[in-house]
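Structure first, commentary second.
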Amino acid sequence: MAQLGCVLRLFSAVTPADVVPPVKALPDKQCASDPLPTWLLKKCVGVISPFLCQLFNWSLEHGSVSLSRG
């Protein structure tokens, strides 16, 4: 857990080349409450990886991660 007041000042932007392999390596299982089946995420990762990168990079840049589920 990060210490209060820690700041990430420098990071390398995430690229589709960083995102696609780990997503494809995910196990083919999921939680029943997960709205996106893992098999579908893996099948579409090439198309959605730019959007995932934008989300990850925004989160790193702003130091914010949304944990809400509703």
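Across the range 1-23, which residue is surrounded by the most Cβ atoms within 10 Å (Cβ to Cβ) among those that are of a type in the set (S, T, N, Q) and modelled with pLDDT under 95?
If we filter the range 1-23 for residues that are of a type in the set (S, T, N, Q), which is where we start, we get 3, 12, 15.
In the following step, the residues that additionally are modelled with pLDDT under 95 were identified as 3, 12.
Details: 3: 5, 12: 8.
Looking at the filtered set, the residue picked out is 12.
When residues of the range 24-41 are filtered for being surrounded by 15 or more Cβ atoms within 10 Å (Cβ to Cβ) and either part of a loop (DSSP other than H, G, I, E, B) or modelled with pLDDT of 95 or more (or both), how many remain? Spell out how you get there, then give the answer.
Applying the first criterion (surrounded by 15 or more Cβ atoms within 10 Å (Cβ to Cβ)) to the range 24-41 yields 30, 38, 41.
Add one more test, that the residue is either part of a loop (DSSP other than H, G, I, E, B) or modelled with pLDDT of 95 or more (or both), and what stays is 30.
Residues in the range 24-41 being surrounded by 15 or more Cβ atoms within 10 Å (Cβ to Cβ) and either part of a loop (DSSP other than H, G, I, E, B) or modelled with pLDDT of 95 or more (or both): 1 in total.
Suppose the filter is at pLDDT below 90 and surrounded by 12 or more Cβ atoms within 10 Å (Cβ to Cβ); does residue 59 pass it? Can you show your working first?
On the way: at pLDDT below 90: yes; surrounded by 12 or more Cβ atoms within 10 Å (Cβ to Cβ): yes.
So residue 59 fits the description; yes.
The values are calculated or read from the model by the stated rules, or taken from the named source; none is laboratory data. Predicted model, so just to flag it, every value in this text is computed and none were measured. Backbone-built Cβ (ideal geometry, glycine too); neighbour counts: all protein chains shown.
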